[in-house]
Amino acid sequence: MDFNTGDNILTHCNTGALATPGMGTALGVIREAHRRGLKIHVYVDETRPLLQGGRLTTYELQKEKIPYTLICDNMAATLMRQGKVQRIFVGADRIAINGDFANKIGKRAKILLNLLYKYYSYSSMLLLFIIIFFFLSFIYVAKRY
């Protein structure tokens, strides 16, 4: 991933070590950029309804001493319109072998805003694969109460 000093990164969901193996996926890329001395800042979506961003991502960023700001999910569009976001990273809860995936509320909005404001930044080719299939296939996810 090509980061520049001064980049602001928007995250949605948790893609760190608490959710995935090792350093994490997208958050692992952010960690590595910080470790290399790049001065970056992360805008963390709270990620409703379970607040994975607000609880897990902020915990991991604070532990690594990576500068961040917790925002409500609805602030993302305003930050993008103001030019305060240079990269967007999102996570996926489950990915099937055929490309179907399950995720939480808010991901579609971030992807569409990404396309609108042309912030094409992906932490891996897998994420590009997910976005392509996002518009082509959906899976039924039962509601949990």
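With r as the distance between the Cβ atoms of residue 63 and residue 84 and R0 = 25 Å, compute the FRET efficiency 1/(1 + (r/R0)^6) and round to 0.05.
Computed FRET efficiency for residue 84 and residue 63 comes out at 0.55.
In whole percent, how big is the carbon plus sulfur part of the accessible area of region 12-111, probe 1.4 Å, protein atoms only?
It is 56 percent, rounded to a whole number.
R0 = 25 Å: FRET efficiency of residue 96 with residue 72, Cβ-based, nearest 0.05?
After rounding, the FRET efficiency stands at 0.25.
The values are calculated or read from the model by the stated rules, or taken from the named source; none is laboratory data. As the structure is a computational prediction, the values presented were derived from the model and not from experiment. Counting neighbours? That spans all protein chains shown, and the Cβs are built from the backbone with ideal geometry, glycine included. Side chains included, ligands, DNA and RNA excluded: accessible areas come from the protein's heavy atoms. Shrake-Rupley method; radii C 1.70, N 1.55, O 1.52, S 1.80 Å.
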